[in-house]
Amino acid sequence: MEPLIRLADAALGYGKVRVLDGVTLEVYPGDYLGIVGPNGSGKTTLLKAILGLIRPLAGSVQIPSSEHIIGYVPQRDTLDTIFPLTVLDIVLMGLFDTLSPIGRPARRHIARAEQALEAAGIADLRDRHFGSLSGGQKQRTIIARALVADPKVLLLDEPTNGMDLPGETGILSLIRSLHDERNLTVLLVSHLLNTVINHARRIAFVANGRVETLDRSEVIASSKLSDIYGMDVEVTRHDHRYLVLPAANEGGQPA
Ligand code: ADP
């Protein structure tokens, strides 16, 4: 099977500054890859390289398919809410390549946008102003905007940041169902390890200038997390879910 995304011994950074070195990563159809790491470790740099926004300083980054395959879901706060755009307007932006710059969207574009709204579970919000929505509704709108171009890969950058528990749970189950039912390949960037470990099949750890990718089972079974975080970390199971906790000797015990 041909990978959708392939990084081979890539050095990623800006000018002469290498943020990440020796990055080798292949993403295959049907994968669900979590990308975790501390702030400033290079997660966004890795995303930019995958999106083709920066070129590798060494090695290679390849997206072998020539089609538009990656649907990018940026952080919510990157969307300008000053303009009174409706949910439909925002989703239509995802078809930018196929809309003529001065023309009105054709009926078929609107039909595709409506399908994407349906897939994101917000068909009823079509005519609402984006600025008036809750965090979860905004996130669904941005996901619909990515889906409208019919991508193979959904690349989400911290999609649950700043959300309450119901909002976060709803977004994660939407992503899960897009992955399971539409066979979308998912790349999920998140600093929430407990989230990633329960959803992703594989986890790419971005830290200390390197990217190390492990299957979820390896992460759970080994002392890898303790090595990565430099402290004793335990993974426990509760009600079919995994919980990552600092070990008792690290002050993880309640007072
Ligand atoms: P993360 O997404 O994990 O928080 P980033 O990829 O944004 O990390 O940043 C990794 C490092 O790259 C940081 O030290 C940051 O200062 C640096 N960096 C990010 N963007 C640029 C840029 N445009 N020019 C120079 N350095 C940058």
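The values are calculated or read from the model by the stated rules, or taken from the named source; none is laboratory data. This is a predicted model, so every value here is computed, not measured. Cβ placement follows ideal geometry from the backbone for every residue including glycine, while neighbour counts extend to all protein chains displayed. Please note that ligands, DNA and RNA were not included when accessible areas were found on the heavy atoms of the full protein model with its side chains. Shrake-Rupley method; radii C 1.70, N 1.55, O 1.52, S 1.80 Å.
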Difference of contour (0.36 nm per residue) and Cα-Cα distance, Phe83 to Leu243: 53.5 nm
Straight-line reach check, Lys48, cutoff 19 Å on alpha carbons, 8 or more apart in-chain or any other chain, hits among lysines -> Lys16, Lys152
So what is the calculated 222 nm ellipticity per residue for the chain, using -39500 (n - 2.57) for each DSSP H run with n of 4 or more, over all residues, to the nearest 500 deg cm²/dmol? -9000 deg cm²/dmol
Just add up the charged neighbours of Gly34: K/R +1, D/E -1, any other residue whose Cβ is under 14 Å from the Cβ of Gly34. 0
Principal axis extents for the stretch 81-150, Cα atoms only, whole Å, descending order, please. 31, 26, 16
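Are there any trypsin sites (Lys or Arg not before Pro) in the stretch 1-86 that are in a DSSP loop and have at most 13 other Cβ atoms within 10 Å? List them by number. Don't jump to the answer; show the numbers that get you there.
Values: sites: Arg6, Lys16, Arg18, Lys43, Lys48, Arg76; in loops: Lys16.
Answer in residue order: Lys16.
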Stick to Cα atoms and the Kirkwood definition of Rh, then tell me Rg/Rh for the stretch 1-134. 1.03
Give me the aspartates and glutamates in straight-line cross-link reach of Lys224: C-alpha distance below 14 Å, same-chain residues under 8 apart excluded. Glu212, Asp215, Asp232, Glu234
Heavy-atom accessible area per residue of the stretch 1-149, all protein chains kept, 1.4 Å probe, expressed in Å², is 51
If you average the C-alpha positions of the stretch 1-78 and of the stretch 176-250 separately, how far apart do those two centres end up, in angstrom? 19
I want the antiparallel fraction of DSSP beta bridges within the chain, as a percent rounded to 5. 60
Keeping the other protein chains in place, figure out the carbon and sulfur percent of the accessible area of the chain, with a 1.4 Å probe. 50
Rg/Rh ratio calculated on Cα atoms of the chain (Kirkwood radius): 0.99
